[in-house]
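In what follows, a single structure is set out as structure tokens and then discussed.
The values are calculated or read from the model by the stated rules, or taken from the named source; none is laboratory data. Keep in mind that this is a model prediction, so the values were computed, not measured. Using ideal geometry, Cβ is built from the backbone for each residue, glycine included, and neighbour counts are taken over all protein chains shown.
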Amino acid sequence: MLNEKAIKAYLKNEFPDALEVRINKLGEGVQGAGFLIEIKRPEGIKQYVIKGLFPEGLEHDYPSDRAGVFLLDLDEFKNLPKHVKAVDVLAELQDGSIKSIGGGREYYLLMERAEGKHYFNDLSGFSKKDRLDPIDIQKIEAMTSYLAEIHPVKKRAKQLYWRKVRDTIGHGECLMGVFDTYPEGAISYKEMAEIEKMCVDWRMRLKPKHKRLCQIHGDFHPGNIWFKNNSSQQSAVSSQSDFILLDRSRGPWGDAADDVAALTINYIFFSINHYGDVRGPYLEALKLFYKEYIKKTGDKELLKVTAPFYAFRGAVVANPVFYPKVAKSNRRKIFNFMHNVLKAKSFNPDRVNEYLK
């Protein structure tokens, strides 16, 4: 678990006068293990303890989880009287070396710039059409083909699947966290609780389905899908259906339903805002997406597990903070959708308008 060679090299660099560095395991508990560090220097022996977390379960599955725990420790140990002080947070790099990441006041992500137009543009454009045009169909085929390419990558990790379902319901960025950002009166506390309770029941229903754990994007919504902006009249349809993705988040593993719900809720949402129900190109797109995805993946179980993922995404699009211009009557239809999908044994795209009642 501990890279002793790298730790010793780091400590000898920090303490150039160190005559000897010894590392011995102190013991381990449920979350991790502790090691005694003894640094022999000319003035005597200085002792420290280094702690590592086990990388499975208890929301320690990803390196960023474990880093977050230790960064919080570094900030807060010193603020409680009589508490042992934390000295630093160490990171083991790809080359095996150790460096400090402690002491930061804030952290930032530097990434490449995406070129093109996000899929929200297409969704807005559907309202001006009677049916999908060839480019629209090609884009849906491209997105379903992409998901059919990444979702078959499987991982056998029961705890990780359970975590993903749990996070979808209770994480600060997901259902309960989104509900907590609602302004007073947008939805009653009682109704929030009803939706949350149904999602908890769904969590128990999904627990045995841990073999569904697969590679996902994690936030596959229209704002994160940017299609190439090729204005040339001569450009091929396939060129215009090429896209790049942004902001993969919430972990690389989960249920395929997470990605599918993240995108398809928008066909429902945009149509409700334009027409008061799901019709025209929006209904066509919803049905086509499911048809193409299931045909390409063979995942017929998908429709039986989408409910809690739709509840989370429904909470997002119904949020007055995120979408303040949505009419109250249309927001009510989204809440109805959440209730009715959670009550159904499986989702049926053909019945989508029944879920709005």
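Remarks
- No other residue among ILE7, ILE39, ILE23 is among the hydrophobic types (A, V, I, L, M, F, W, C) and more than 30 Å from GLU56 (Cβ to Cβ) apart from ILE39.
- Of all residues in region 298-357, those satisfying the criterion of being among the aliphatic types (A, V, I, L, M) and closer than 17 Å to PRO183 by Cα are ALA315, VAL316, VAL317, ALA318, VAL321, VAL326, ALA327, ILE334.
- Of the residues making up region 105-132, those that are part of a loop (DSSP other than H, G, I, E, B), acidic (Asp, Glu) and in contact (Cβ under 8 Å) with a residue 60 or more places away in the chain are GLU115, ASP130.
- Residue list for region 32-52, filter: surrounded by 14 or more Cβ atoms within 10 Å (Cβ to Cβ) and either of a type outside the set (D, E, K, R) or closer than 20 Å to VAL89 by Cβ (or both): GLY32, ALA33, GLY34, PHE35, LEU36, ILE37, ILE39, ILE50, LYS51, GLY52
- Condition met for GLU4 (out of contact with any Gly (no Cβ under 7 Å at 6 or more places or on another chain) and without any contact (Cβ under 8 Å) to a residue 60 or more places away in the chain): yes
- Boolean, ASP95 is closer than 20 Å to LEU11 by Cβ and either in a loop (DSSP other than H, G, I, E, B) or touching a His at 6+ places or on another chain (Cβ under 7 Å) (or both): yes
- Counting the residues of region 92-119 that are of a type in the set (Gly, Ala, Ser) and touching a helix residue (DSSP H, G or I) at 6+ places or on another chain (Cβ under 7 Å) gives 3.
- One residue stands out among those in region 310-335 that are more than 20 Å from ASN353 (Cβ to Cβ) and not β-branched (Val, Ile, Thr): the one that is nearest to the chain's Cα centre (by Cα), which is PHE312.
- Scan of region 281-291 for residues that are surrounded by fewer than 18 Cβ atoms within 10 Å (Cβ to Cβ) and in contact (Cβ under 8 Å) with a residue 12 or more places away in the chain, ordered by number: LYS287
- Checked against the criterion of being assigned by TED's automatic domain parsing to the domain that holds GLY251 and farther than 18 Å from PRO308 by Cα, the candidates LYS207, LYS155 yield just one match: LYS155.
- When ALA91, ALA142 are checked against the criterion of being assigned by TED's automatic domain parsing to the domain that holds ASP258 and under 24 Å from the mean Cα position of the chain (by Cα), ALA142 stands alone in meeting it.
- In this structure, LEU303 does not satisfy being assigned to a helix (DSSP H, G or I) and closer than 20 Å to HIS171 by Cβ.
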